[in-house]
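See structure below.
Throughout, read-outs are computed from the coordinates displayed, never taken from laboratory work. Predicted model only: the values in this text are computed from it and were never measured. Here the Cβ positions follow ideal geometry from the backbone for every residue, glycine too, while neighbour counts run over all protein chains shown.
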Amino acid sequence: MKNFAGKTAVVTGAASGIGLALAEKLARENMQVVMADVEEESLEVAVEDLRKYQLPVSGVVADVLVEESIQNLFARAKAEYGNIHMLCSNAGVGANPGDKAIWEVDKNEWDWVMGVNYQGVLHGFQTFIPHMIEHGEESHLMTTVSAAGLLSGDGTYGVSKHAVLALTEGVNWDLHLHGANISVSVLCPGFVDTNIDKSERNRPGHLSQSRGPAVEAEINPVASLLRRGKKPSEIADIAFDAINEEVFYILTHPLYDELLRDRFDKILSRKPLALPSAEERAQFMAKFFALRDDGESF
Ligand SMILES: NC(=O)c1ccc[n+]([C@@H]2O[C@H](COP(=O)([O-])OP(=O)(O)OC[C@H]3O[C@@H](n4cnc5c(N)ncnc54)[C@H](O)[C@@H]3O)[C@@H](O)[C@H]2O)c1
């Protein structure tokens, strides 16, 4: 997508972290931005904060788990600004299965993680793409996937992110075959310093965990890695440049390149998949995270 100014973007999960940074970046690039989030209070604060800089943003409370809520988001955005030119499907939650193996994760956990991270993106596509095709003006779809969507492991979260990647790749093909004036990208960050480790705050009551304690943020090892990750504003800057250059796979963390190469080498080797022992894995992780000393974020 080459022209941003004067156009309208909708960003889901815009009250915090990467979504908030994306909303700010797009508004600073002179887009009208509809910020959508399930958390009403944080959304109000986020919208007010950006308006203090005279940025053209508005807020709509929307729950991506609920199809009607996304349809309402679309209707509100269209009523306020007319044609919508960009959808950043960014709302997401980090799974919190404790030490459960993937087959032990209960239905509520699957429904929540897949519901927000995958189904929420699908609802957005189903609602916004027909409108973008109909108005025919240059438009863009970006999904916030994760490095977890390109690598293996990572439990329910990894499954949900692989699903969104496959969905977005599929949509990109279909839009291409339809000759639609809509470009597509997938944002695949490594660790970013956001509130994703506190995702439980957004779990609806009807999908509460039926067993297993939630891992508290203070003792969650992921939290300390997140705090040392990239800043959301860095991710938003990289994403914006990549959209402008029509890059599909937006890889924000070069440290993961080696892991990606290794994954595809293993696939192409046609050999038995040798998984590391617990000790080898611990050694590898220690080495990987020590790379941060070289100044690069993970
Ligand atoms: N932080 C990271 O290290 C990282 C890395 C890779 C990918 N991601 C992805 O980035 C995206 C944004 O997460 P973040 O890290 O900024 O976390 P965050 O918790 O700071 O922000 C996520 C936002 O999504 C909102 N949200 C949650 N459930 C929702 C729902 N049902 N409907 C609407 N909004 C909802 C939250 O209220 C929050 O404002 C997610 O898709 C996440 O998987 C994050």
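Summary table
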{"quantity": "The chain: relative contact order in percent, alpha carbon pairs under 8 Å with at least 6 residues between", "calculated": "18 percent"}
{"quantity": "Dipole of the chain [Lys/Arg +1, Asp/Glu -1 at C-beta], most positive-end residue of Asn72, Leu22, Phe264", "calculated": "Phe264"}
{"quantity": "From phi via Karplus (6.51, -1.76, 1.60), per-residue ³J(HN,Hα) for segment 145-156 in Hz, x at Gly/Pro", "calculated": "8, 3, 4, 4, x, 10, 10, 9, x, 6, x, 4"}
{"quantity": "Hz values of 3J(HN,Hα) by residue in segment 107-122 - Karplus curve (6.51, -1.76, 1.60), Gly and Pro given as x", "calculated": "4, 4, 5, 4, 5, 6, 5, 5, x, 6, 6, 10, 4, x, 5, 4"}
{"quantity": "Packing-based exposure ordering (other Cβ within 10 Å, fewest first) of Phe289, Phe240", "calculated": "Phe289, Phe240"}
{"quantity": "Residue order, fewest to most surrounding Cβ atoms within 10 angstrom, among Glu109, Glu246", "calculated": "Glu246, Glu109"}
{"quantity": "For segment 131-196: relative contact order, % (alpha-carbon pairs under 8 angstrom, 6 or more apart)", "calculated": "47 percent"}
{"quantity": "Segment 176-187 - phi-based ³J(HN,Hα) in whole Hz, Karplus 6.51/-1.76/1.60, Gly and Pro as x", "calculated": "4, 5, 7, x, 6, 8, 10, 8, 9, 8, 10, 8"}
{"quantity": "Using alpha-carbon coordinates, inclination of helix 40-51 to the longest axis of the chain, degrees", "calculated": "60 degrees"}
{"quantity": "For Val60, distant residues with modelled amide H under 5 Å away", "calculated": "Met35, Ala36, Asp37"}
{"quantity": "Mean projected area (nm²) of the alpha-carbon convex hull when the chain is viewed from all directions", "calculated": "16.3 nm²"}
{"quantity": "Sum of -39500 (n - 2.57) over DSSP H runs of 4+, divided by residues of the chain (222 nm, nearest 500)", "calculated": "-14000 deg cm²/dmol"}
{"quantity": "Choice from Tyr118, Tyr249, Tyr157 showing the highest fluctuation, given a GNM over the chain with Cα pairs closer than 10 Å", "calculated": "Tyr249"}
{"quantity": "Under 30 Å from the Cα of Lys2 - lysines, other chains or at least 8 residues apart", "calculated": "Lys25, Lys52, Lys78, Lys161, Lys230, Lys231"}
{"quantity": "Fewest-first ranking of Lys52, Lys2, using other Cβ atoms within 10 Å as the exposure measure", "calculated": "Lys52, Lys2"}
